[in-house]
Amino acid sequence: MHYIDMKKILWILLPMLTVSCTLSQQNDNENLKHYELLTVKTCNYELSSDYAASLKGQQDIRIIPRIEGYLQGIYVKEGERVKEGQLLFRIDAATYRATVEAANANVQQMKAALEKAQLEYEGKQKLHAKKVISDYELASSNSDLSVAKANLAAAQAALTSARNDLSYTELRSPSDGIIGRIRYRKGDFVGPNMQDGITIVADNSHIRAYFSMSETVLMDYLSEYKTMEATVNQMPEVKLLLPNGQFYNQTGKVESISGIVDESTGAVSVCALFNNYDGMLLSGGTGKIVMPSVRKNAIVIPQESTYEIQDKVYVYKIVDGKTVSTIVQVESQNNGKEYVVIGGLNEGDVIVAKGAGFVQEGEEVAQ
């Protein structure tokens, strides 16, 4: 009968058991998914939004004649900078000068008629005092005097009107500015019915940039600043991106918000004001307003860590070592690379950082 030495058997089996456990652990590790993970943190995050803008001068004044006539003189060129009161155009004044002369002659005639009526009335008063004429004759003479006074007043008003018309033959600049396109030439017939006028004097010392902002974004500002006035005052300075891809060398300030939502677009009109003393910005031009906004203590995640289903945004959180699909709420504004999360995640959460669309629910993840 043979006896088995148990110690020898254990020494033989121990290496085999150790190898078996090691292989089991390796198999378990091989089954774990290896994803790039991100631990959620908060930070102050600056986000910029772009808005298409149209540019207008501080004021664009149409030069429209007040009287009719043939354009006799043009004293400025397109694009020329002019001063307030500077002569721009002249309309043929011969007819209006003749009207002034005729009106002036009529005034002199009415003055003579008034003097005559005054003398006659004074004479009638003396005769009436001596009871030579009746009350009726005196009253009639007084009436003639009143008519003479009224005729003189009418003649003087006509003279003033004629002189005004004569002055209107000279068209002067109502403000400092730049001459726009001159639509008429010497000899053309012009008048007050011209809708576009002869030209435009554009005051470009300041430029207003008009753009539209969504109601949602405006509500975010109002929630923070409470009133429209405070919102306008607290809005950050904005930049203007020009059509050539360069930024204008000065920042602008939001000047006004319409406060009325356009029913067709769901947006409000906003105006930003820029200094334009160098004349680089042109009235009628276009650009893009770039408006920065800072989110304090914001949770920011890369967009590639998310996926969307039916307009809902999801991430995969790692809970107890496994992937859990989680809906997150994000701001509508984004830079195309990152989302600002406003709900669904907390600081310290761990999420899959890349390739969320390829992750499956409940996968065990190597950490």
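Since every read-out is calculated from the coordinates, none of them should be taken as a lab result. Note that the structure is predicted; figures quoted are calculated from it, not measured. Neighbour counts are summed over all protein chains in view; Cβ atoms, including those assigned to glycine, are modelled from backbone coordinates with ideal geometry.
Overview of values
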{"read-out": "³J(HN,Hα), Karplus 6.51/-1.76/1.60, whole Hz, each residue of the stretch 210-217, x for Gly, Pro", "value": "9, 8, 10, 10, 5, 4, 4, 5"}
{"read-out": "Euclidean distance of C-alpha centroids, the stretch 291-336 and the stretch 223-252, integer Å", "value": "27 Å"}
{"read-out": "Estimated FRET transfer efficiency when R0 is 22 angstrom, pair residue 278-residue 50 (beta carbons, to 0.05)", "value": "0.35"}
{"read-out": "Ordering of 124-132, 96-104 by burial proxy (mean other Cβ atoms within 10 Å per residue, highest first)", "value": "96-104, 124-132"}
{"read-out": "Among (1) -0.55, -0.79, -0.92, -1.05; (2) -0.47, -0.72, -0.86, -1.03; (3) -0.81, -0.96, -1.03, -1.10, the entry that matches log10 I(q)/I(0) by the Debye sum over Cα atoms at q = 0.09, 0.11, 0.12, 0.13 Å⁻¹ as calculated here", "value": "(3)"}
{"read-out": "Sequence-distant residues sharing a close amide H with residue 175 (under 5 Å, placed H)", "value": "85"}
{"read-out": "Residue-wise HN-Hα coupling along the stretch 247-264, computed from phi with Karplus coefficients 6.51, -1.76, 1.60 (Hz; x: Gly, Pro)", "value": "7, 4, 6, 10, 8, x, 10, 4, 9, 7, 10, 4, x, 10, 7, 5, 4, 7"}
{"read-out": "Charge sum, other residues only, whose C-beta stays under 15 Å from residue 296's C-beta, Lys/Arg counted +1 and Asp/Glu -1", "value": "-3"}
